[in-house]
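Note sheet for the following structure.
The values are calculated or read from the model by the stated rules, or taken from the named source; none is laboratory data. Source: prediction; values computed, not measured. Glycine also receives a Cβ, built like all others from the backbone with ideal geometry; neighbour counts cover every protein chain displayed. The accessibility values were calculated without ligands, DNA or RNA, using every heavy atom of the protein model including side chains. Shrake-Rupley method; radii C 1.70, N 1.55, O 1.52, S 1.80 Å.
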Amino acid sequence: MDFRPTHITVDKAKSQLEIVWDDGLVSRYPLAHLREACPCVECRGGHAKMGLANAPDDILKLSPRRSYAITGLSAVGNYALQPSWDDGHQTGIYTWEYLRLLSPEQAE
């Protein structure tokens, strides 16, 4: 799986991150669900629970503790995004592969 985004938008009104992929798929991630799926060691509960094998099966089945907003979004090299969240969290690095795996539209 080697998909790359061609366009990335944070829609604050809809509280979602939208990614248009190079194969034409449009992924819309609810921000609260995306925050709950953070892949960092702190959120996953240790290094052994990190990685694609431990990604949520369905991001929309997660139960967000609250609503979240993205306060900043940075590119990490040419392979990932690193959001800053309104709860102060900013250590999660969401690779293209991880984001594509989490895509709610991927399951359709």
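Miscellaneous remarks
- Any chance ASP11 is among the charged types (D, E, K, R), modelled with pLDDT of 95 or more and in contact with a Ser or Thr (Cβ under 7 Å, 6 or more places away or on another chain): no
- Residues satisfying the stated conditions in region 1-19, i.e. touching a residue at least 24 places away in the same chain (Cβ under 8 Å), surrounded by 11 or more Cβ atoms within 10 Å (Cβ to Cβ) and outside any strand (DSSP E or B): PHE3, ARG4, SER15
- In region 27-52, the residues that are in contact with a strand residue (DSSP E or B) (Cβ under 7 Å, 6 or more places away or on another chain) and surrounded by fewer than 17 Cβ atoms within 10 Å (Cβ to Cβ): ARG28
- Hey, ARG35 modelled with pLDDT of 95 or more and either part of a loop (DSSP other than H, G, I, E, B) or not hydrophobic (A, V, I, L, M, F, W, C) (or both) or not: yes
- Note on region 61-79: residues that are in contact with an Asp or Glu (Cβ under 9 Å, 6 or more places away or on another chain), open to solvent by less than 50 Å² (accessible area, probe 1.4 Å) and either polar (S, T, N, Q) or not in a loop (DSSP other than H, G, I, E, B) (or both) total 1.
- In region 80-108, the residues that are within 20 Å of ASP58 (Cβ to Cβ) and either open to solvent by 40 Å² or more (accessible area, probe 1.4 Å) or without any contact (Cβ under 8 Å) to a residue 60 or more places away in the chain (or both): GLY92, THR95, GLU97, TYR98, LEU101, GLN106, ALA107, GLU108
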